[in-house]
1. Hey, can you rank 114-124, 165-175 by average C-beta count inside 10 Å, highest first?
2. May I have the pair-distance distribution P(r) for segment 101-191, computed from all Cα-Cα distances with 10 Å bins from 0 and rounded to whole percent?
3. How do 84, 177 rank when sorted from fewest to most other Cβ atoms within 10 Å of their own Cβ?
4. Report the full-extension gain for the segment residue 123 to residue 23: residue separation times 0.36 nm, less the Cα-Cα distance, to one decimal in nm.
């Protein structure tokens, strides 16, 4: 019996080791799958949260922008860079500049576009001025500042036909403030072909 007992004990131990190894593999596989599922759920939740935060941020930004625009329309506040509205903005504009409109535009163009040579031509009868930024002999920009009753279009058409960037502003239009930011933005966009 000693041999049979040893043999049966050995078979029982090997079977137990095989079973425990198989069970361990099953348990390991089970936990591995569950962990993968949990990680995937976590990633999905992170993505959903990020999308929700982006959507919420966009909604808040739109709501704030809308509220500021409504306040600006009612004259309660002016938006920096906005050049129109019933209330004069606090930022530098043509109407809080201590000098004539011609000096205001010369100052902006000279400071913001200092890489170019500036040429100014007054339009007869005080109807406005034409500022030309020159890059060597090439016209880089033509800024025409007119009074609101002007119907001049020849220079605009000439610039369009020659491909010269052109901007028209009015120096006496009610509620139009020609803020520095607005003037610079319009000029830069024209020079960029926008």
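Every read-out reported here was derived from the displayed coordinates using simple, explicitly stated rules and does not represent laboratory data. Everything numeric in this text was worked out from a predicted model, so none of it was measured. Note: ideal-geometry Cβ built from the backbone for every residue, glycine included; neighbour counts use all protein chains shown.
1. Highest-to-lowest ranking by the protection proxy: 165-175, 114-124.
2. Pairs per bin, as whole percents: 16, 55, 28, 1.
3. Final ranking by Cβ density, sparse to dense: 84, 177.
4. That pair, residue 123 and residue 23, stretches by 26.4 nm at full extension.
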